[in-house]
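Report on the following structure.
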Amino acid sequence: MFKNYFKTAWRNLLKNKFYTLINILGLTAGLTIGILILLWVQDETSFDGFHKQASSIYRLENRVGTGASIQIWQSTAAPIGVMAKKELPEVRDVVRLTSSTLSVFKYNDKVFNEQKTVFTDPSLFSIFDFKLIKGNNEKPFTDDHSVVITETTAKKYFGDAEPVGKVITANDTMNFTITGVIKDFPKNSSINSDMFFPMQLLAKDAYKGKPAGQTMDNDFNQYAYETYLLMQPNVSVSGLPEKLKQIHLRNKADDTDIFYLLQALPQMHLYKADGTDGGIETVRMFIIIALLILVIACINYVNLSTARSMLRAKEISLRKIVGAAKAQLFLQFIVETALLFVLATTFAIVLMYYIMPLFNSISGKELVFDLADYHIWKVIGITMIATLAVSSIYPALLLSSFEPLKALKGKIAARISDAVFRKVLVVVQFTFSVVLMAGTFIISKQLQYIRSKQLGYDKENVLAFYMRDMGKHFDAVKADLMKQPGVVGVTRASSNIVHIGSQTGNNNWEGKGKDESMMVRPMAIDKDFINFFKMKMEAGNVFTGTIADSTHFILNETAIKTARIKDPIGKKFKLWNTEGTIIGVAKDFHLGSMKNKIEPVVFYSSAKDMQAIYIKTTGKEAPKAIAAAEKEWKLYNADVPFTYSFLDDVFNNLYRSEQRTGTLFNVFALMAIIISCLGLFGLATYTAQVRTKEIGVRKVLGASIPSIIKLLSADFIKLVLLAIIIATPISWYLMNKWLQDFAYKTNLSWMVFAFAGIAAIVIALVTISFQAIKAAVTNPIKSLRTE
C-alpha cells in the first residue's frame with residue numbers, strides 16, 4: 001500500500017515540476033536557516049552543562065556600593081570561599097581562580113607569549129570535569145612550582161615529546177615543572193585557560209613584605225578571585241548569601257554595603273547573578289526568528305497546496321467514487337508532503353555542510369556539522385517533524401474532505417479559490433518578514449549611532465600596548481618616539497581608556513555620609529594624557545608633572561555628581577591610602593560599552609602604575625610609527641614578542657556581539673523575504689493560470705495591459721499593506737525592548753518603519769509583476785483557447 005502511495009506521490013511531484021520546485025526551494029531555505037539557528041541556540045544553552053556536578057556548583061559574586069553606584073562583581077575576596085567551606089555545612093568544596101601576570105615563557109631556545117594563564121586551587125580538577133590525561137587529578141600540583149597545561153599548549157611547546165617533567169621558565173625569573181596535561185576545554189565552557197599555576201605560590205609571593213599577619217586567607221581588600229562553591233546534594237542555597245555576609249562583616253566590619261549572590265553554573269553564560277539578562281534575550285530572539293522562518297516556509301507550502309486544491313478536485317472525487325476512503329486519501333496527501341520534505345531536508349543537509357564555515361564566521365561560533373553527532377540529528381529530526389506536521393495536516397484534511405458530486409460539477413472551485421485562510425497566511429508571512437526587515441534597519445542604525453557618537457576623547461590612529469621593562473625608561477622612549485616620522489604624540493596610563501578594568505570603593509571625600517559609598521574607576525595618568533586624547537576640562541587644571549601631582553586628583557563630572565560635591569576644586573579627597581586634593585573636573589567620557597552609563601572616574605598620578613603606553617600616529621604613516629615602537633620594544637624586551645592594538649579595534653570589539661547580531665539579522669531578514677517572495681510568486685503564477693480565460697475576454701473587450709497588471713496585483717498588494725500595518729507596532733515594541741540594553745541609544749523614528757514597509761511593497765510588486773506582465777501580454781486568442 002505504501003509503495004503505491006509513494007509511486008503516486010512521486011508522479012504528482014514530477015507532473016507539477018514548477019510548483020514542486022518552488023516548494024522545495026522554499027522548504028530547503030527555511031529548513032537550512034531554521035536548523036542552523038537552532039544549532040546555534042543549542043550551543044548557547046549547553047554552556048557548562050557537561051559537568052556532572054553542574055547543578056550543585058555556584059559562582060560566588062558580590063553586590064557592592066549604595067544608591068546609583070551599586071555594582072555586581074564577578075570577583076570576590078580570596079578568603080570568603082575558604083571560610084565558607086570551614087564554617088558552613090552546606091558547602092562541600094571550593095575553588096578559586098585569578099589571572100596571572102606570568103606571560104612570557106621559555107623552553108630551550110623557544111619563547112612564547114601567553115595571555116590565558118591563571119592561578120587556581122587543586123580542587124579545580126575534582127569539582128569540575130576537567131580531567132587530566134597526564135598527571136594526577138587528586139594532586140595536580142606536586143609543589144608550588146608546578147604547572148598544568150592544555151593539550152594544545154603541550155603540543156606547541158614540546159611537539160610529540162612527553163611534556164610531564166619538562167621545565168619551562170616564566171618571565172625570566174621562575175622555573176615551573178609540567179605536572180599535568182589537561183584536555184583542551186570544550187567550546188561551551190565558561191572556564192578556559194592554557195596554563196594553571198598553584199594558588200599557594202601566589203599566596204606566598206603576593207604577600208611578601210606585607211604587614212605582619214596579613215595573608216591571602218584574611219585579606220578582604222583585594223577582589224580579584226573567581227570563587228566557585230560546590231554545595232552538598234539537595235541543599236537549599238536561599239539563606240547562604242546572608243551567612244556569607246556575616247562571615248565577611250566579622251572580618252571586615254566597615255564593608256556594610258557588601259552583599260553576596262550565588263549564580264548556578266549552568267546559568268552563568270546567559271544570565272547575570274541578579275537574574276537579569278546576560279544573553280538569554282538574544283537566544284530567545286533567535287528561537288523566535290528560527291520559528292518564524294520555518295513558519296514562513298510552511299505557509300508557502302500550505303498556500304500553494306490549498307490554492308491548487310481546486311485543480312485536483314475532480315481527481316479526488318473520482319477516487320472516492322471508485323471506493324477510496326477518506327483516511328486513505330488523507331494518508332496519500334501526507335505521504336506526498338513527507339516525500340517533498342524528505343527531498344527538501346536532504347538538500348538542506350547538503351547545503352548546511354557547505355555553508356557552515358560561513359555561518360561560523362558570521363556568528364563567531366565554531367560549530368561542527370558532524371552527522372555522527374546525535375545532537376545534530378535531534379535538531380534536524382525535531383525541526384523536520386514539526387514543520388511537516390504544521391504543513392501537511394490542513395491541506396490533507398481539505399483535499400480529502402471534497403464531496404464527489406459537487407467537485408465533479410465544479411461547485412466548490414470558487415469557495416476554494418477565494419479562501420480567506422490563504423489570505424490570512426499571506427498576511428502572517430509578510431508580517432513576519434516586515435518585522436525582521438525593520439529589525440535589521442534599527443540594529444544597523446544603533447550600531448551606526450555607537451560608531452558616530454562623540455566619546456569624549458579622540459581614539460583615532462592611537463596604538464597601545466603594555467610596556468613591561470620599557471616602563472622604567474619611559475622618558476627616553478618617549479623622546480626617541482617623538483623624533484620618528486608618523487608619531488605626533490606619546491602618553492602613558494595605568495589601563496586602557498576604552499575599558500578601564502579596575503574599580504574600587506576605597507575612597508573618601510568631604511561631606512561623605514556615614515553609610516554612603518561610591519564605586520569609582522581609578523586610572524593613573526601622566527601630565528600629557530588629557531591633552532593627548534583631546535579631553536575637555538569642566539573646571540580646574542590638569543597634572544603638571546611635578547611631585548605635587550602625587551596628592552592631586554582629577555574627577556569626572558559623574559564622580560562629582562555622585563558624591564554630591566559642590567565647588568569641588570580644592571576639596572579633600574582620599575583614594576586608597578592617599579589623602580589629597582581635587583585639582584580638576586574632567587568632562588564625562590565613555591569608558592566602556594554604551595550599554596552602560598558613564599561611571600565615576602578618578603585620575604591620579606603614580607609612575608609605577610602607568611604601564612600602558614599610547615602612541616598617536618598620522619594614520620598614513622602608521623606603519624612607520626609601529627616600526628619605531630617595535631624598535632624601542634626590542635631595546636628593553638628583546639626576548640618578548642611585540643604585540644599592540646589600535647584603540648579603534650579595541651572599541652569595535654566591545655560591540656562584536658551586537659555586530660554579529662546585526663549581520664545575522666540581515667541574513668535572516670533576507671531569507672525571510674526570499675522565502676515569502678517564492679510563495680507569492682507561486683500564488684501569482686497560479687492566479688494568472690486560473691484566470692487565463694478571464695484575462696483573454698477582458699483584452700478582447702479593450703482592457704489595457706496596465707489594467708490587467710493592476711487586476712492581478714491589487715489583491716496581493718492589499719494583503720502586504722495589511723501586513724505592514726500589523727508589523728509596525730510589533731517591530732516597534734520588540735526593537736524598543738532590544739534598545740533598552742543600551743544606556744545610550746538611537747531614537748525609533750517612524751521613517752525606519754516607513755522605509756521597511758515601502759521596501760516590502762516594492763519587493764512584493766517586483767515578485768508579482770513578472771507573472772502579471774506575462775499574463776497581460778499573452779495573445780488573447782491563445783488565452784481563450786486555454787483549457
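The values are calculated or read from the model by the stated rules, or taken from the named source; none is laboratory data. The structure presented is a predicted model; accordingly, all values stated were derived computationally and were not measured. In this analysis, Cβ positions are derived from the backbone assuming ideal geometry, glycine residues included, and neighbour counts consider all displayed protein chains. Ligands, DNA and RNA are stripped out before the accessible areas are found, and what is left, the full protein with its side chains, is counted by its heavy atoms. Shrake-Rupley method; radii C 1.70, N 1.55, O 1.52, S 1.80 Å.
Side notes on the structure shown:
- DSSP-defined beta bridges in the chain - what % are antiparallel, rounded to 5: 80
- Projecting the alpha carbon convex hull of segment 469-595 along each direction and taking the average yields 9.3 nm².
- The chymotrypsin sites (Phe, Trp or Tyr not before Pro) of segment 359-389 include none that meets both criteria, a DSSP state outside H, G, I, E and B (loop) and at most 11 other C-beta atoms within 10 angstrom of the site's C-beta.
- With θ taken as phi - 60° and the Karplus curve 6.51 cos²θ - 1.76 cosθ + 1.60 applied, the whole-hertz 3J(HN,Hα) list for segment 43-51 is 5, 4, 7, 9, 4, 6, x, 7, 6 Hz, x standing for glycine and proline.
- Cross-link partners for Lys131 among the lysines, with Cα-Cα distance under 19 Å and sequence neighbours closer than 8 places in the same chain left out: Lys52, Lys116, Lys139, Lys155, Lys183, Lys187.
- The Stokes-Einstein estimate for segment 137-267, based on a Kirkwood radius over Cα pairs and taken at 20 °C with 1.002 mPa s viscosity, is a diffusion coefficient of 118 µm²/s.
- Based on Cα contacts under 8 Å between residues 6+ apart, the chain shows a relative contact order of 16 percent.
- Label selected from (i) 103, 58, 55; (ii) 76, 63, 51; (iii) 98, 59, 49, the criterion being Cα extents along the principal axes in Å as computed here: (i)
- Working note: 222 nm ellipticity from helices only, DSSP H runs with n ≥ 4, each -39,500 (n - 2.57), summed and divided by the residues of the chain, gives -16000 deg cm²/dmol to the nearest 500.
- Spatially proximal aspartates and glutamates relative to Lys210 (Cα-Cα < 18 Å; intrachain offsets below 8 disregarded): Asp219
- Here the accessible area of the chain is 58 percent carbon and sulfur, with a 1.4 angstrom probe and all protein chains present.
- For the chain, the longest principal axis of the Cα atoms and the long axis of helix 656-690 meet at an angle of about 0 degrees.
- Amide hydrogen neighbours beyond the local backbone of Thr581, cut-off 5 Å, H modeled: His552, Phe553, Phe573
- Diffusion of segment 59-200 by Stokes-Einstein, at 25 °C in a medium of 0.890 mPa s and with Rh set to the Kirkwood radius over alpha-carbon pairs, works out to 149 µm²/s.
- For segment 739-744, backbone phi angles converted through the Karplus equation (6.51, -1.76, 1.60; θ = phi - 60°) give residue-by-residue couplings of 5, 4, 5, 9, 5, 10 Hz, Gly and Pro being listed as x.
- For segment 490-552: rounded, prolate or oblate by the Cα gyration tensor [a/c cutoff 1.5]: prolate
- Against the chain, whose longest principal axis comes from its Cα atoms, helix 326-363 is set at around 30 degrees.
- Close lysine pairs were tallied over segment 592-665: pairs 8 or more places apart or on different chains with Cα atoms under 26 Å apart number 9.
- Accessible area in square angstrom per residue, the chain, 1.4 angstrom probe: 47
- Acute angle (nearest 10 degrees) that the helix 280-307 long axis makes with the longest principal axis of the chain, alpha-carbon atoms: 10
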